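A short write-up of the structure that comes next.
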Amino acid sequence: MAIQWDATWTHGRRGTVEGALERITRMLLRSYLSIRVVRSDQQAKATYVQHFRDPLLNHLPRASNIIRLMHDRVTTQQVMIMSYVPNLAAFNALGLVLPPGMSFETIEAFVIQRGVAAAMPLTVYIGPAFFTHNVYIPKAVNQRTGTGTILHELSHGVGNTADHAYTWEPRYASLTANQRTNNADSYRAYCQSFDML
């Protein structure tokens, strides 16, 4: 992974994110290996169906492609630029406005770019909540963590996924297979199901 750190970082904060990225890389490798054998391995298929509700595997090509893009972004020399956004003024300086009802203090990470091609750098912005909330909880498939948020945002950045629902929201249960294979949090949860120490 070709990580570039802009001038916003201190060594301590950078180390925390580096640890999260190492764990993400391991999860994505396991996810990538599993999704490649969904048609021939019953356990791999069961995990895929659990997260994407697609027993006929109609949407497997799309899901496989997004997992591959996420995996490639962290395991090849594709560039990821990490940028720390310390406060609301820095957030607004990016030309962004918070959605109604959202507080800047709850933002762990975000991307602005969507569907970034492999040859182009992807910038991942890290907010203060990444360091004040749980950066990592073992096997936190249905809990919000900083590590999980980077996975979620990575699916936006390389896979152009949408935000239909988070897995812990009641409406998540009603998402169709088509929606789930285009839902950022489905990819986060799928990848975190491969989290092993």
query = Which ones in the stretch 58-78 are in a helix (DSSP H, G or I), surrounded by 15 or more Cβ atoms within 10 Å (Cβ to Cβ) and not basic (K, R)?
reply = L60, A63, S64, I66, I67, L69, M70, H71, D72, V74
key: Close pairs (7 angstrom Cβ cut-off, 6 or more residues apart or separate chains): charged (D, E, K, R) in the stretch 164-193, not in a helix (DSSP H, G or I) anywhere   = R171/A165; R180/R53; D185/A165; D185/Y166; D185/T167
Among (1) within 17 Å of E22 (Cα to Cα); (2) in contact with an Asp or Glu (Cβ under 7 Å, 6 or more places away or on another chain) - the single one V111 does not satisfy = (1)
key: Every residue from the stretch 96-116 that is at pLDDT 95 or above and more than 16 Å from D163 (Cβ to Cβ)   = V116
key: Extreme residue, farthest from G159 (Cα to Cα), among residues of the stretch 81-97 that are touching a strand residue (DSSP E or B) at 6+ places or on another chain (Cβ under 9 Å) and not in a loop (DSSP other than H, G, I, E, B)   = A90
key: Elements of type helices (runs of 4 or more DSSP H) in the stretch 98-197, at least 1 residues being more than 11 Å from the chain's Cα centre (by Cα)   = 129-132, 177-180
task = All but one of (1) in contact (Cβ under 8 Å) with a residue 60 or more places away in the chain; (2) in contact with an Asp or Glu (Cβ under 9 Å, 6 or more places away or on another chain) hold for V85, so report the exception by its number.
result = (2)
task = Would you mind telling me which numbered condition in (1) at pLDDT below 95; (2) out of contact with any Leu (no Cβ under 9 Å at 6 or more places or on another chain); (3) surrounded by fewer than 21 Cβ atoms within 10 Å (Cβ to Cβ); (4) of a type outside the set (K, R) P138 fails?
result = (2)
request  = Kindly indicate which of A7, A2, A20 is crowded, with 18+ Cβ neighbours inside 10 Å and modelled with pLDDT under 95.
outcome  = A20
query = Does the stretch 41-57 include one or more residues that are surrounded by 14 or more Cβ atoms within 10 Å (Cβ to Cβ), over 16 Å from C191 (Cβ atoms) and among the hydroxyl-bearing types (S, T, Y)?
reply = no
inquiry  = Go through the stretch 56-110 and report how many residues are closer than 21 Å to T10 by Cα and of a type in the set (K, R).
reply    = 0
key: Number of the exception - S34 against (1) surrounded by 17 or more Cβ atoms within 10 Å (Cβ to Cβ); (2) over 24 Å from T149 (Cβ atoms); (3) of a type outside the set (D, E, K, R)   = (2)
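Out of the residues in the stretch 151-172 that are small (G, A, S) and closer than 19 Å to L60 by Cα, which is surrounded by the fewest Cβ atoms within 10 Å (Cβ to Cβ)?
A162
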ask   = How many residues are closer than 19 Å to H71 by Cβ, without any contact (Cβ under 8 Å) to a residue 12 or more places away in the chain and among the aliphatic types (A, V, I, L, M) when one looks only at the stretch 1-54?
value = 3
query = Conditions: (1) surrounded by fewer than 24 Cβ atoms within 10 Å (Cβ to Cβ); (2) out of contact with any strand residue (DSSP E or B) (no Cβ under 9 Å at 6 or more places or on another chain). T147 meets all but one. Number of the miss?
reply = (1)
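The values are calculated or read from the model by the stated rules, or taken from the named source; none is laboratory data. None of the values given here were measured: they were computed from a predicted structure. All Cβ positions, even for glycine, are placed from backbone atoms using ideal geometry, and neighbour counts span all protein chains on display.
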